[in-house]
1. Please compute the net charge surrounding Ile5, taking Lys and Arg as +1 and Asp and Glu as -1 over other residues with Cβ under 12 Å from its Cβ.
2. Can you compute the modelled spin-label distance between Ala93 and Phe136, with each label point 7 Å from Cα toward Cβ, in nm?
3. Local charge sum around Gln131 (other residues, Cβ-Cβ under 14 Å, Lys/Arg +1, Asp/Glu -1)?
4. Report the per residue volume, in Å³, of the convex hull enclosing the C-alpha atoms of region 97-150.
5. In deg cm²/dmol, rounded to 500, what helix-only [θ] at 222 nm does the chain give when every DSSP H run of at least 4 residues adds -39500 (n - 2.57) and the total is split over its residues?
6. On each of the three principal axes of the Cα atoms of region 1-83, give max minus min coordinate, whole Å, ordered largest first.
7. Provide Rg and Dmax in Å for region 53-108, with only Cα atoms included in the calculation.
8. If you count the DSSP beta bridges with both ends in region 2-129, what percent of them are antiparallel, to the nearest 5?
Amino acid sequence: MALFIYGTLLHDGLFAALAGSGDGACRPATLADHRVDRIDGAVYPMLVARVGATAQGKLWTGLSAAQLNRLDIYETAFGYDRRAVQVTTADGATHAATAYFPPPRLVSGGEPWSYAAWEVSAAAQNLETAQEIAAFDPPLSPEALARQWP
């Protein structure tokens, strides 16, 4: 299964803490007619459909079912769900993948999300949270995770 990541999952340490190690491969990719916006009132990202826009991210291929499950636990706890998308890599090839989309209750702040601003204000805390989440064995359910980090 291929996964298009954007936003906070582009942080190598955060992604590794959540997905663990494996044999997957990663490369830059884009998602047409979408943009990565800042959630209104927060420093976190969300995918928003925008005709003519292009969301920048990375395409992960070769992730195991266990890795996807760990990422799903983290994302679904906050209401995101994985949906089918078509992404394009630098060589112009189109790939079927999935990407995390926000729940309807989240609203765009109307401006592009800034990795640099998030890195300064929240990356360290998010990384620590991801490491704590990853330490649970067996993994927490999305519901249990949502109760601990509302």
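The values are calculated or read from the model by the stated rules, or taken from the named source; none is laboratory data. Since we're looking at a predicted model, the values are computed, not measured. Because the Cβ atoms are built from the backbone with ideal geometry, glycine has one as well, and the counts that use them run over all protein chains shown. Keep in mind that these areas ignore ligands, DNA and RNA; they rest on the heavy atoms of the full protein, side chains included. Shrake-Rupley method; radii C 1.70, N 1.55, O 1.52, S 1.80 Å.
1. Result for the neighbourhood of Ile5: +1.
2. Calculated label separation equals 3.7 nm.
3. With Lys, Arg at +1 and Asp, Glu at -1, the neighbours total -3.
4. Residue-normalised Cα hull volume stands at 147 Å³.
5. Estimated from H runs of four or more residues: -9500 deg cm²/dmol.
6. For region 1-83, the Cα extents along the three principal axes come out at 34, 25, 22 Å.
7. Cα radius of gyration and Dmax of region 53-108 are 12.7, 36 Å respectively.
8. Details: 28 of 30 bridges.
The answer is about 95 percent antiparallel.
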